[in-house]
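Comments concern the structure below.
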Amino acid sequence: MTGLKLKAQFVSGSEFAIGPGKAALLAAIASTGSISAAGRALGLSYRRTWLMVDTMNRCWREPLVATAHGGNRGGGATLTVFGETVLQRYRDLDAALSDAASGPAAALLADLLDVPRSPKG
């Protein structure tokens, strides 16, 4: 497989506030209504999933994910309005980066081998 892989990451202090993995987690939370279910869907551990949500919620001016504690109806999680906005803006940026890079990358991709040659030795 050949191609160009771009990865936009936003940093707040020493923390990665959002990147492809956290954007995928936000989308999965929106889809499943659960932080734990979103993590399972992405193959993430329970701990890793919750740490990612905590990091995102601490890095932005408002939380991206809201949680409801269990009870008669059970718990759950949703994206806040701000979380939905951040996710959409990240997706828009990702698409814009891909579009902007496609022309300049074409010549490099034309010379790129599908599979690297075997190492000598």
When the residues of the stretch 6-31 are narrowed to those that are assigned to a helix (DSSP H, G or I) and over 18 Å from Pro63 (Cβ atoms), which ends up most open to solvent (accessible area, probe 1.4 Å)?
Ser31
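Of all residues in the stretch 39-52, count the ones that are of a type in the set (Ser, Thr, Tyr) and open to solvent by 70 Å² or more (accessible area, probe 1.4 Å).
1
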Of the numbered conditions (1) open to solvent by 60 Å² or more (accessible area, probe 1.4 Å); (2) more than 16 Å from the chain's Cα centre (by Cα); (3) touching a residue at least 60 places away in the same chain (Cβ under 8 Å), Gly3 fails exactly one; give the number of that condition.
(1)
Go through Ala17, Ala24, Ala41, Ala37 for me and flag whichever is within 22 Å of Leu97 (Cβ to Cβ) and free of Cβ contacts under 8 Å to residues at least 24 places away in the same chain.
Ala24
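If I filter the stretch 53-98 down to residues being outside any loop (DSSP other than H, G, I, E, B) and modelled with pLDDT under 95, which single residue comes out as most open to solvent (accessible area, probe 1.4 Å)? Don't jump to the end; show me each part of the working.
The first filter runs over the stretch 53-98 and keeps only residues outside any loop (DSSP other than H, G, I, E, B), leaving 53-59, 65-68, 76-79, 81-98.
When the remaining residues are screened for being modelled with pLDDT under 95, the result is 67-68, 76, 98.
Details: Thr67: 76, Ala68: 58, Gly76: 26, Ser98: 60 Å².
Residue satisfying both the conditions and the ranking: Thr67.
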Mind checking which pairs have a first residue in the stretch 82-107 that is farther than 13 Å from Lys7 by Cα and a second that is open to solvent by 50 Å² or more (accessible area, probe 1.4 Å), Cβ under 6 Å, 6 or more apart or different chains?
Phe82/Glu62; Ala105/Leu4
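The values are calculated or read from the model by the stated rules, or taken from the named source; none is laboratory data. Note that this is a predicted model, so its numbers are computed, not measured. Neighbour counts run over all protein chains shown; Cβ positions are idealised from the backbone, glycine included. Keep in mind that these areas ignore ligands, DNA and RNA; they rest on the heavy atoms of the full protein, side chains included. Shrake-Rupley method; radii C 1.70, N 1.55, O 1.52, S 1.80 Å.
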